[in-house]
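> Here it is: the structure, laid out below.
The values are calculated or read from the model by the stated rules, or taken from the named source; none is laboratory data. What you see is a predicted model, and the numbers here were worked out from it, not measured in a lab. Here the Cβ positions follow ideal geometry from the backbone for every residue, glycine too, while neighbour counts run over all protein chains shown.
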Amino acid sequence: MPPEGASIETLRARAALVARTREFFAAREVLEVETPLIGHGLVVEAHLEPIPCAVRGAGADSLPRHLLTSPEGPMKRLLARGSGPIYQLAPAFRDGERGARHTPEFTILEWYRPGFDHHALMAEVEALVRALMPERTPEAFERRTYRDLFRDAAGIDPFDTSVAAIAAACARLGVPLPPDFAASTLDDALDLLLVGALEPTLGRERPLFLVDYPASQAALARVREEPDGTRVGERFELYIDGVELANGYHELGDPAEQRRRLEEANAARVASGRPPLPIAESLVAALEAGLPPCAGVALGFDRLVMVATGHDTIDAVRAFPPE
Amino acid sequence: MASYSTSDFKKGIKVELDGEPYLMVEMDFMKPGKGQAVYRAKLKNLITGRVVDRNYRSGDSIAAAEVSEFSVQYLYHDATGYHFMHPESYEQYQLTEEQVGDAAKWLKDETKVDVVFWNDRPITVTPPQQVQVEVTYTEPAAKGNTATNVQKPATVETGAQITVPAFINIGDVVKVDTRTGDYVERVSKG
C-alpha cells in the first residue's frame, strides 16, 4: 500500500515552490497578507458550498459563520483600505468537492494588482508559473477566447446557441447527457460540454489561457460590450495538461452591480432547491468606499504542485487526505 | 425505493438503470471553474458485464439496486442447469448456463462460489480467485526438466484447458487463477 498523502520528497518540492512563490512576489513588491478564514457574509456563488462552522466568542450576535470558500472578500476590503498590491497563500474550504483534483480543504494562492487589467495579470500569472516550473513551460502561453474554443472544438457559438444545439454537440463529442438535460440553463449546458469534452484537451501542447467568458459567467469580472453587441466577461482561466489551475478577473468595481450579482447567485441557489447564503455586506461597503481599478486571480496551489511534480491526484501533493 | 444522490456516489455502489442492475466501477468528480459539478460514472451491467458511461449533476439521483451476494456450494449440473446449495439453510438454487458463464470451467463438487442476487433472482456467479484442480491429461513430463519457462497444454478435472510447466504430470493437483486461467503452482504430486 502506498502511504496516504504526499511523500516526504513531494513535500520538500512543495515547500520549495512556496519559497519561490514568496521570492517572486517580494521581488515585485507585492505585500503578503493574512485575512480571516471564518466569516459571516459570503461572496456567494451559485455553485460553491461553504462549510458552516460554530464559533464561540466571535461576536455577541448569533449569526451563522462559515469557513470561507476563498479570501476574495477580505482581500478586496484591504485593497479599498489602500493596501496596494497584495497576495495570500491560504487554506480555502468548499463543501462537497471531492475527486482526483478536488478536496474540501485546499490551498489557494490569490493576488490582486491595482492598475492591471486581466491581460496584464495573465502576463504576471505566466511569469510566476514559468518561474516555478521552467522545465515544464519552455514556450509562451497561448491565449484563446471562450468563443473561439467552442466554435473550433464543438462547432457552436456559445454567445448564440441553445440547449438543444449543445445537446447535439455533446452527442457528437461522446459526452453522455445527465438526467433532465433539456431543463438546463444555457450556462449549465455549456459547462457540461466544457468539462466533458473540451477541458481535457486544453493546455496540452503549451499552457493555455481561456479568456472572455459569456457575461452570464462573468462572476465578479467586469463586463464589456463588443462592437457586435455581445457582452463579454473579462475573466480568464489557466489550463495546463487539461488541469484548470487559475481563475482571474478584471475586477468589478461597481457596488450596485456587485450586490445584484450576489443576489443573482442566491436566486440561482434557491431555484435549484438550496438555501440562500448571507451576502458579504462588508465587501459591498468596501466597493462603495472605493475599490481601486484592479485585476485579481485565484490559483489552486495544490494543482500547481501536481503539475510541477508530475502527480495526477491532489491527495498525492497534500500531507494527508481529508479525514 | 432507496436511491443514491450524487453526494453518495462512490465506487462499489449498486444501482438500477433502465431496469437492470449496475455496479459503479469508477467515479470522477469534475467541476468547471465557476460552474456546476459533474459526476462522471462508469457503470458495469451486472448481467451482461457491459460498461457504460453516464454523467450526473449535483442533486441527481439513481435508484439503488436490491442486490445481495452470498456464498453457495456447487452440487451438480444436469440438463436443467447448474445446482447450488446454501451451506447453512440447505436452500437450493438453480442457475442457467448463461448465468454461470465462465465460472462453469472451475466448478467441481463442493466448490464454494459467490452468487449475486438481484431482486432475489440469481444473476451472476463468481468462482473463488484460486482453485485447486487435478490434472486429468497432459503429455508425460520431460525428464529432469524442472524449468517453468517450458509450457505445455493440460486438461483438468473440471474440463478446463490450461497451460502448465513441462514438469507437471497426470494426477498432480495444481492451483489456478480463475480470473486469468493461469497456472499458479503445483499443490501436490499425483
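> Scanning the range A:241-255 for residues that are within 14 Å of another protein chain (Cβ to nearest Cβ) and either buried (at least 24 other Cβ atoms within 10 Å of the Cβ) or part of a strand (DSSP E or B) (or both), which turns out farthest from the chain's Cα centre (by Cα)?
Looking at residues that are within 14 Å of another protein chain (Cβ to nearest Cβ) and either buried (at least 24 other Cβ atoms within 10 Å of the Cβ) or part of a strand (DSSP E or B) (or both), I get A:Val243.
> How many residues does the range B:70-103 hold that are within 16 Å of the chain's Cα centre (by Cα) and of a type in the set (Gly, Ala, Ser)?
Summing the residues that are within 16 Å of the chain's Cα centre (by Cα) and of a type in the set (Gly, Ala, Ser) in the range B:70-103 gives 3.
> Here's a check for you: in the range A:67-91, which residue that is touching a residue at least 40 places away in the same chain (Cβ under 8 Å) and part of a strand (DSSP E or B) is surrounded by the fewest Cβ atoms within 10 Å (Cβ to Cβ)?
Selected residue: A:Pro91.
> Where residues in the range B:28-51 are more than 8 Å from every other protein chain (Cβ to nearest Cβ) and over 19 Å from the mean Cα position of the chain (by Cα), which of them is surrounded by the fewest Cβ atoms within 10 Å (Cβ to Cβ)?
B:Tyr39
> For the condition surrounded by fewer than 20 Cβ atoms within 10 Å (Cβ to Cβ), out of contact with any Gly (no Cβ under 7 Å at 6 or more places or on another chain), modelled with pLDDT of 90 or more and more than 14 Å from chain A (Cβ to nearest Cβ), what is the one hit in B:Leu107, B:Leu75?
B:Leu75
> Let me ask something additional. Out of A:Leu299, A:Leu287, A:Leu238, A:Leu277, I need the residue that is crowded, with 19+ Cβ neighbours inside 10 Å and part of a helix (DSSP H, G or I). Which one?
Criteria check complete, one pass: A:Leu287.
> Which of the strands (runs of 3 or more DSSP E) contained wholly in the range B:29-131 include at least 1 residues that are closer than 30 Å to A:Pro179 by Cβ and out of contact with any Phe, Trp or Tyr (no Cβ under 9 Å at 6 or more places or on another chain)?
Filter on the range B:29-131 gives B:38-45, B:51-57, B:112-118, B:121-126.
> Test A:Ala308 against the criterion of being among the small types (Gly, Ala, Ser), assigned to a helix (DSSP H, G or I) and at pLDDT 95 or above, and give yes or no.
yes
> Could you give every pair whose Cβ atoms fall below 7 Å, whose first residue belongs to the range A:164-184 and is touching a residue at least 24 places away in the same chain (Cβ under 8 Å), and whose second residue is among the small types (Gly, Ala, Ser) and exposed (fewer than 14 other Cβ atoms within 10 Å of the Cβ), counting only separations of at least 6 or pairs across chains?
The qualifying pairs are A:Ala169/A:Gly155.
> Now, a different point. Can you name the condition, by its number, that A:Thr185 falls short on among (1) under 20 Å from the mean Cα position of the chain (by Cα); (2) within 12 Å of another protein chain (Cβ to nearest Cβ); (3) closer than 23 Å to B:Gly59 by Cβ?
Condition (1) is where A:Thr185 drops out.
> Step by step: first the residues of the range A:190-232, then only those that are of a type in the set (Val, Ile, Thr) and farther than 30 Å from B:Asp53 by Cβ, then the one that is farthest from the other protein chains (Cβ to nearest Cβ). Which residue is that?
Restricting to residues being of a type in the set (Val, Ile, Thr) and farther than 30 Å from B:Asp53 by Cβ, the top hit is A:Thr230.
> Looking at the structure I just gave you, is B:Asp60 closer than 19 Å to A:Ala189 by Cβ and within 9 Å of chain A (Cβ to nearest Cβ)?
Here the answer is yes, as B:Asp60 does meet what is asked.
> Let me ask something additional. Being in contact (Cβ under 8 Å) with a residue 60 or more places away in the chain, of a type in the set (A, V, I, L, M) and within 19 Å of A:Val305 (Cα to Cα) narrows it down to one of A:Val44, A:Val18, so name that one.
The conditions single out A:Val18.
> Further question: When the range A:302-323 is examined, which residues are found to be within 20 Å of A:Ala19 (Cβ to Cβ) and loosely packed, with under 15 Cβ neighbours inside 10 Å?
Residues satisfying the conditions are A:Gly310, A:Ala319.
> Would you pick out the residues in the range B:52-63 that are surrounded by fewer than 17 Cβ atoms within 10 Å (Cβ to Cβ) and without any contact (Cβ under 8 Å) to a residue 40 or more places away in the chain?
B:Val52, B:Asp53 - these are the residues of the range B:52-63 that are surrounded by fewer than 17 Cβ atoms within 10 Å (Cβ to Cβ) and without any contact (Cβ under 8 Å) to a residue 40 or more places away in the chain.
> Here's something else I'd like to know. State all residues of the range B:166-187 that are in a strand (DSSP E or B) and in contact (Cβ under 8 Å) with a residue 40 or more places away in the chain; if no residue qualifies, say none.
B:Val173, B:Val174, B:Lys175, B:Val176, B:Asp177, B:Val184, B:Val187
> A follow-up question, please. Which pairs have Cβ atoms under 8 Å, sit 6 or more apart or on different chains, and link a residue in the range A:119-135 that is at negative phi and loosely packed, with under 14 Cβ neighbours inside 10 Å to one that is modelled with pLDDT of 95 or more and assigned to a helix (DSSP H, G or I)?
As it stands, the answer is A:Ala127/A:Phe24, since those pairs meet every condition given.
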